[in-house]
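The structure under discussion appears below in the form of structure tokens.
The values are calculated or read from the model by the stated rules, or taken from the named source; none is laboratory data. As the structure is a prediction and not an experimental result, all values here were calculated from the model. Neighbour counts are summed over all protein chains in view; Cβ atoms, including those assigned to glycine, are modelled from backbone coordinates with ideal geometry. Protein only, heavy atoms only, side chains kept; ligands, DNA and RNA dropped before computing areas. Shrake-Rupley method; radii C 1.70, N 1.55, O 1.52, S 1.80 Å.
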Amino acid sequence: MYTAALVGTGRIGFSLGFDKKREQPASHTMALLANHKIKIVAGADCDEKKLSDWQCYVKKKSGFNPLVFTSSGQMYKEFSSGSGDGVPDIITIAVNEDSHLQECLSAIEARPRLVILEKPVALNSSQAALIAEASKKANVPVMVNHERRFAADYNAAKSYMKKIGALQSIRGELYSGLRIYAPEFEESGEYSLLHDGTHLVDIIRFLLGEDLCNPLVTGIFRDEKGAVRNFSAHYSTESCPDVSIYMSGRSRFFSFGLDILGTEGRICLGNGYAKFYQRKESKLYTGFYSLSRDRSVRLSRKTGYFSNMMQNAVDFLDGLSELKSPLTEAISDLRALEEIKDFLKN
């Protein structure tokens, strides 16, 4: 049994676990509670109402009343005092982006066996480098919650890529109503390139197994206040000559998806769908081949994105697995986003 503490009892930390439309578990609390090898022993949040609601829920579901603190500093001080069972094995950080640096450094200093950090790592690569340095010095590994790395549908796509021949193109799309980028939001991280774009860049890098460097950025559209609302970034990698990222921050809907085209097949997947295609003799034209839906790929309705992440943490602590979303990968994502941001700034 591993003990765990949660810093941040807001949406991703707790309340998304009550969203009836989302696949559950959809928050760190629910994923921690769902794993039979983890016991939640403490939580911290500056919002006393949220903290109290969280404590009552955890007690009701687990039968154990966790300690609560209005700051992570108070929590770590209590752990170090020797009055309890010591620092928890896992410290999960589920706070806003602008607090990632300080909260992660504080968690590392407390010396747990593992820190689970919400994405993105930090507001910029300079802050991320400080986290990496502290992690290495204290020998405290950090896992970043890039959830699609753990989802069954994206892992099925990664395996299926071997069946679609040589890669011709990968197109990633993300549409929402949040600004893509504006300089005045850099200190808060409240812009889509960082908040949502980290998922898009990360899953493309995960599927390719390559970094994304030296983008050609086109299609930049700015609103009347100068905020970037549209752009496209284009790459050529060793395994794929055409990798494109399209983002919109002026759409009245949210959409996240990938279209992966090979010489022998195709994969289309995103939020709520996953379709796989193979080259077959055409039913429409004599002497031609067409793409036909491969019905042999069967996926369950649940992707297990959050529960699989937490299980990977347990397997890592058990010595059975490497971290599937380590700090180094997340920092590479951040650097790719910063290259795009440099174009948008200019």
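Between R222 and E190, the FRET efficiency from the beta-carbon distance, with R0 = 22 Å, is close to 0.80. At the residue level, E338 shows approximately 40 square angstrom of accessible surface with a 1.4 angstrom probe and all protein chains present. Of all DSSP-defined beta bridges confined to the chain, some 60% are antiparallel rather than parallel. As I understand it, the dipole of the stretch 23-75 uses +1 on the Cβ of Lys and Arg and -1 on the Cβ of Asp and Glu, about the Cα centre. Which of V68, A34, S52 lies farthest toward its positive end? Among V68, A34, S52, the one farthest towards the positive end of the dipole of the stretch 23-75 is A34. Take the chain with all the other protein chains still there, run a 1.4 Å probe, and you get 49 Å² of accessible area per residue.
Once the dipole of the chain is set up with Lys and Arg at +1 and Asp and Glu at -1 on Cβ about the Cα centre, which of L193, Y246, Y305 lies farthest towards its positive end? Checking the options against the dipole of the chain, the answer is Y305.
Here the stretch 1-34 is scanned for amide nitrogen atoms under 18 Å from the site 7 Å beyond the Cα of L299 along Cα-to-Cβ, giving 22-26.
Rolling a 1.4 Å probe across all protein chains gives K302 an accessible area of roughly 120 Å². Set the Cα radius of gyration of the stretch 147-243 against 2.2 N^0.38 Å, with N its number of residues, and you get 1.21. Calculated [222 nm] ellipticity per residue, helices only, for the chain: -10000 deg cm²/dmol; basis is -39500 (n - 2.57) per DSSP H run with n ≥ 4, divided by all residues, nearest 500.
Entry for the chain at q = 0.11, 0.13, 0.14, 0.15 Å⁻¹: log10 I(q)/I(0) = -0.77, -1.04, -1.17, -1.30, Debye formula applied to identical alpha-carbon scatterers, no solvent contribution.
What's the FRET efficiency of K59 with Y289 using the Cβ-Cβ distance as r and R₀ = 45 Å, to the nearest 0.05? With R0 = 45 Å, the Cβ-Cβ based efficiency is 0.15. Quick one: check the C-alpha center-to-center distance for the stretch 1-76 versus the stretch 90-144, whole angstrom. So the two Cα centres are separated by 19 Å. Overall shape: oblate for the stretch 276-346, with the ratio a/c of the largest to smallest alpha carbon gyration tensor axis at 1.5 or above and b/c at least equal to a/b. Taking only Cα atoms, what is the 0 to 90° angle, nearest 10, from helix 125-138's long axis to the longest principal axis of the chain? Here the helix axis deviates by roughly 50 degrees.
By the Stokes-Einstein formula, at 0.692 mPa s and 37 °C, the stretch 73-197 with its Kirkwood radius over alpha-carbon pairs has D equal to 193 µm²/s. Taking every C-alpha pair closer than 8 Å and separated by at least 6 residues, the mean separation divided by the residue count of the stretch 238-285 gives a relative contact order of 22 percent. Sorted from greatest to least, the principal axis extents spanned by the alpha carbons of the stretch 225-346 come out as 51, 49, 35 Å. Just the number, please: carbon plus sulfur as a percent of the accessible area of the chain, 1.4 Å probe, no ligands or DNA/RNA counted. The computed percentage sits at 48.
Taking Y76, Y57, Y289 in turn, the Gaussian network model of the chain (Cα-Cα springs below 10 Å) assigns the largest fluctuation to Y289.
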